Structures are given as C-alpha cells and as structure tokens.
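Below is one structure, written out as structure tokens; the observations come after it.
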Amino acid sequence: MARKYIFYVLVGLSCSPLFSQNMDTRQANFIERLVASGKHDRGYIEGIVDQIEIQQSILDAISRPAERVLTWNDYRRIFVTEQRINEGVAFYNEHKDLLHSVSVTYGVPVEIILSILGVETYFGNRMGNYRVIDALGTLAFAYPPRAEFFASELEQYLDLLVNEGISYEETLGSYAGAMGAGQFIPSSYNAYAVDGNGDGVRDLWNSWHDIFASIANYFVMNGWHSGGLIASKLDRDLSLWSDREHTNTVNMNFTINNIRDLGYLTPVEYPNDLSLTLLILDGPSGKEYWAGFQNFRSITRYNISVLYGMAIYELSEIFKSKIY
C-alpha cells in the first residue's frame, strides 16, 4: 500500500528504517486485528488506513512538555474570563428553550452544559482543524507511548464512519481526535452521543439538540445526581487544623466526618458519611479549601483534572447567577 509519510523526529528518535518498520508493523497488526474481528472487510480497512497522513504537528502537540504546573489561579485566568462569560450568556439567550428542554429531560443543569461548551470549544467556535483520521492514525502508528490507546480509538472511529455515515475526509477535530462542539473522542461518541432531535443521526457538529443532549447524557452515564451537590468551600477550625501535606485527587477518599476531624468546617450541615474529595488550591487570594462531591467527580469524568472540574464549577455558578 502507498502511504503518505511526513518525516519527523519524535522524542529525540529520528525516523530510522527500524522506526519506520515498527510503524509498518503497528499498521499491519491493526489491520489484521480488525479483519479478524469481522466488523469490516480488509479492503475497507486498508483503504482507510492508506489515507492517513502522519503529521509532525500532531506529534509535536502531544509530546510538548508543559512549561510549568498550573495553579488554580493560573487555570482560572485562562478559562474563567469575562469574554467567555459574556459569550456564554449570549449563547444561552440564543438557545435557551432547547437548553432548558434538554436539562429537564436529563436532570443536568443548563449552566453545566454551557460551561462544558465554553471550556471545550468556546461554544462551538473552536472544534479543531485536524482531520480526525490523521490525528488518530498518527498517534496510533507513530506515537509509541500511547499507541495502544489511540489504536483502540481509531477502531472506534472506523465504527463511527460506518454506523453514523460520517465522512473521514470532512471530519475535523483536535490533535488528539476529539470531535464536535463537546469534544468527544470516538469511544465517548459511541458510548454517550444521542440523537436528540430524532432525525436518525447523532451529529455533534451541527445539531445543537444532539450536542446538548449528548453532553447531558455523558454526565448521567457517569454518575450525575440530579439536584446533587457539586462542591463546597470549606473554612477551618484553627484549634484542630494543621497545614499537613496533601495531594489533590478526583477520588472520593474522604467523608464529612473525616474532614471535620482534620479541622475543616462546612458552611452547612452535611451527613457525616457523605463522600467527597478534599481539595487544597492556590487561588487568587491564597489557599482555598474545597470539598468536591459526587457531581464534581462526574465533571472530572469529562476531563480527569481537579482544575478542569473547578473551572466548570465556577463558570457554572457564574452562569447560574446571570441566566436565572
């Protein structure tokens, strides 16, 4: 098969004959595995793989080291901005009837759906410029550290092409293969996307009904409790509290009783056995202490990052104050 290779240097490794051979092997193994699965015939799979362009810019993007670890204050300045808030309110005013309809159906607040769209794609305005087939193929075949994961996503994407009638030539997304206004990777698209408007297609680029409903469904399928708690800022009982070492995590490894024993105070009474994650963050005015509950964890299933969860939560609180 003819293949379109763009030569590159990856993590100090030149595109040697051995590395090219390894890439050929990964492609061949991928094709044989899918043929054996019986889902697609060989000609179809080989034809799709043959169209993949291995792109240096994708490899650069995924392997680029972070210059520094962001604090909550840094992250907040990027995502919780007046421009994003103003555009979110304008977007809400344009789509409020549909947003509220979806919210009622799924039990996920309008402001959460708005916040996801604001952070992920600036309300559908920045959905990515890479062909998804190139992004997934590049990372599946030319990025060994995550090759297995992205080969699985590429397989899921081939299923989408057949089942959803999507064109690989026209499907654009992020450098990591996330698609549409909600930035679903193929496995999430297959698992959580829904046909909100009942036209027989799950369109996460052009149908706001499908987009809103799919984001809401993602939350429901990942443990969202309608009307449940998201997060609560904590105070401290200085007679009990001490500034001990702590690592933030999305895991629910504390209870209200635990943090009370550590000297943390909640603004209202919660059940002693209520599970939470304890967060200590560097905010605009210094240390902030937070409890994140089940719905906070549901937010972080969208992106497994404490700071992402806090950005979605804070934006949602601001939107809630402006749209109701």
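The values are calculated or read from the model by the stated rules, or taken from the named source; none is laboratory data. Only a predicted model underlies this, so the values are computations on that prediction, with no experimental measurement involved. Cβ atoms come from the backbone with ideal geometry, glycine included; neighbour counts cover every protein chain shown.
Could you run through the stretch 109-127 and say how many residues are part of a helix (DSSP H, G or I) and without any contact (Cβ under 8 Å) to a residue 60 or more places away in the chain? I'd like the intermediate steps shown before the answer.
Within the stretch 109-127, the first condition is being part of a helix (DSSP H, G or I), and the residues that meet it are 110-121.
Among the residues that remain, those that are also without any contact (Cβ under 8 Å) to a residue 60 or more places away in the chain are: none.
Count: 0.
List pairs: first residue in the stretch 253-265 and under 17 Å from Ala231 (Cβ atoms), second residue buried (at least 16 other Cβ atoms within 10 Å of the Cβ) and among the small types (Gly, Ala, Ser) anywhere in the structure, Cβ distance under 6 angstrom, at least six positions apart or on different chains.
Final answer for the pair search is Thr255/Ser275.
Among (1) free of Cβ contacts under 8 Å to residues at least 60 places away in the same chain; (2) part of a helix (DSSP H, G or I); (3) more than 30 Å from Leu279 (Cα to Cα), which single condition is Ala140 missing?
(1)
Residues that are under 30 Å from Asp195 (Cβ atoms) and in contact (Cβ under 8 Å) with a residue 40 or more places away in the chain: does the stretch 62-70 have at least one? Walk me through it before giving the result.
Step one: of the stretch 62-70, the residues under 30 Å from Asp195 (Cβ atoms) are none.
Among the residues of the stretch 62-70, not one is under 30 Å from Asp195 (Cβ atoms) and in contact (Cβ under 8 Å) with a residue 40 or more places away in the chain, which makes the answer no.
More than 23 Å from Gly43 (Cα to Cα) and surrounded by 18 or more Cβ atoms within 10 Å (Cβ to Cβ), is that true of Ser187? Give the steps one after another, and end with the answer.
Numbers: more than 23 Å from Gly43 (Cα to Cα): yes; surrounded by 18 or more Cβ atoms within 10 Å (Cβ to Cβ): no.
In short, no.
Among the residues of the stretch 140-154 satisfying the criterion of being under 20 Å from the mean Cα position of the chain (by Cα), crowded, with 21+ Cβ neighbours inside 10 Å and of a type outside the set (A, V, I, L, M), which is nearest to Asp24 (Cα to Cα)?
Checking each candidate, the answer is Phe150.
Conditions tested, residue by residue: (1) under 27 Å from Glu288 (Cβ atoms); (2) surrounded by fewer than 20 Cβ atoms within 10 Å (Cβ to Cβ); (3) of a type in the set (Asp, Glu).
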| position | (1), (2), (3) |
| --- | --- |
| Gly196 | no, no, no |
| Asn206 | no, yes, no |
| Gly227 | yes, yes, no |
| Trp241 | yes, yes, no |
| Arg244 | yes, yes, no |
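Could you please give the count of residues in the stretch 265-324 that are among the small types (Gly, Ala, Ser), part of a strand (DSSP E or B) and closer than 21 Å to Tyr75 by Cα?
Of the residues in that region, 4 qualify.
Look through Met179, Met127 and report the one residue that is closer than 30 Å to Lys322 by Cβ and surrounded by fewer than 22 Cβ atoms within 10 Å (Cβ to Cβ). So that I can check it myself, show each step before the final result.
Working: Met179 fails: surrounded by fewer than 22 Cβ atoms within 10 Å (Cβ to Cβ).
Answer to the check: Met127.
Tell me whether the stretch 157-172 contains one or more residues that are surrounded by fewer than 24 Cβ atoms within 10 Å (Cβ to Cβ), of a type in the set (Phe, Trp, Tyr) and either assigned to a helix (DSSP H, G or I) or in contact (Cβ under 8 Å) with a residue 40 or more places away in the chain (or both). Spell out the reasoning first.
Going through the stretch 157-172, the residues surrounded by fewer than 24 Cβ atoms within 10 Å (Cβ to Cβ) turn out to be 158-172.
Narrowing further to those that are of a type in the set (Phe, Trp, Tyr): 168.
Right, trim to either assigned to a helix (DSSP H, G or I) or in contact (Cβ under 8 Å) with a residue 40 or more places away in the chain (or both) and you get 168.
Scanning the stretch 157-172, I find at least one residue that is surrounded by fewer than 24 Cβ atoms within 10 Å (Cβ to Cβ), of a type in the set (Phe, Trp, Tyr) and either assigned to a helix (DSSP H, G or I) or in contact (Cβ under 8 Å) with a residue 40 or more places away in the chain (or both), so the answer is yes.
Can you tell me which residue among Ile31, Ile45, Ile52 is β-branched (Val, Ile, Thr), at pLDDT 90 or above, touching an Asp or Glu at 6+ places or on another chain (Cβ under 7 Å) and farther than 23 Å from Ser174 by Cβ?
Details: Ile45 fails: touching an Asp or Glu at 6+ places or on another chain (Cβ under 7 Å); Ile52 fails: farther than 23 Å from Ser174 by Cβ.
Exactly one residue qualifies, and that residue is Ile31.
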